[in-house]
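Structure first, commentary second.
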Amino acid sequence: VNDCRKWGITCPIIPGLMCINAYPGFKKMTKFCKTRVPKDLEAKMDSMKDDAAAVKAFGVEFGAEVCQKLMDFGVEVLHFYTLNLEKVVYGITDALGLTDGLVEKSNESDANSMVAVGSAWARVGDKVKSIYGEGTVKEIRRGG
């Protein structure tokens with residue numbers, strides 16, 4: 001933000017946050033996005049890779065810590081990339097005191113049926129729109 005202001009960029013800057021939901025997704029997205037992961041974060045994730053519940057709990061803890069630092073810096077708006085997995089985001093907003101009890105209301109029972117299709121996520125039954133028209137996903141084929 002400070003660098004942008006030095007260049008005269010004065011528009012609001014809204015950080016986009018992709019939360020840690022699962023170890024495989026963390027590894028896939030950091031590789032895909034060519035993200036430089038701090039060694040201590042990588043070691044922490046590697047130590048929990050076989051415990052999905054621990055990874056999700058850490059995602060809430062780490063996400064809340066990052067968001068609090070941003071808010072302490074003066075950031076007024078946070079944008080979360082949920083990929084249709086809201087539980088960690090709700091945990092973060094509850095931990096920050098922005099919401100109360102949302103994490104208990106979340107339902108990710110269909111999370112295992114989601115697959116990556118190109119750069120998007122889809123499930124059978126989802127409504128989709130593309131340059132070719134609109135429709136409903138009827139089946140998901142391996143490899144796109």
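The values are calculated or read from the model by the stated rules, or taken from the named source; none is laboratory data. What you see is a predicted model, and the numbers here were worked out from it, not measured in a lab. Here the Cβ positions follow ideal geometry from the backbone for every residue, glycine too, while neighbour counts run over all protein chains shown. SASA here: full protein model, heavy atoms, side chains in, ligands and nucleic acids out. Shrake-Rupley method; radii C 1.70, N 1.55, O 1.52, S 1.80 Å.
A few comments on the model shown:
- Area projected by the alpha carbon convex hull of the chain, averaged over all directions, nm²: 11.5 nm²
- Whole-percent carbon and sulfur share, accessible surface of the range 62-111, 1.4 Å: 52 percent
- Degrees, to the nearest 10: 52-73 long Cα axis against longest axis of the chain: 40 degrees
- Between helix 23-32 and the chain there is an angle of about 80 degrees, using the helix long axis and the longest principal axis of the Cα atoms.
- A Cβ-based charge dipole, computed about the Cα centre of the chain with Lys and Arg at +1 and Asp and Glu at -1, lands at about 780 debye.
- Residue (of 71, 81, 33) at the positive-pole extreme of the range 11-91, dipole from beta-carbon charges: 33
- Amide H contacts under 5 Å for residue 80, placed H, 5+ residues apart: 17
- Solvent exposure, largest accessible area first (probe 1.4 Å, DNA, RNA and ligands not counted), of 67, 33: 33, 67
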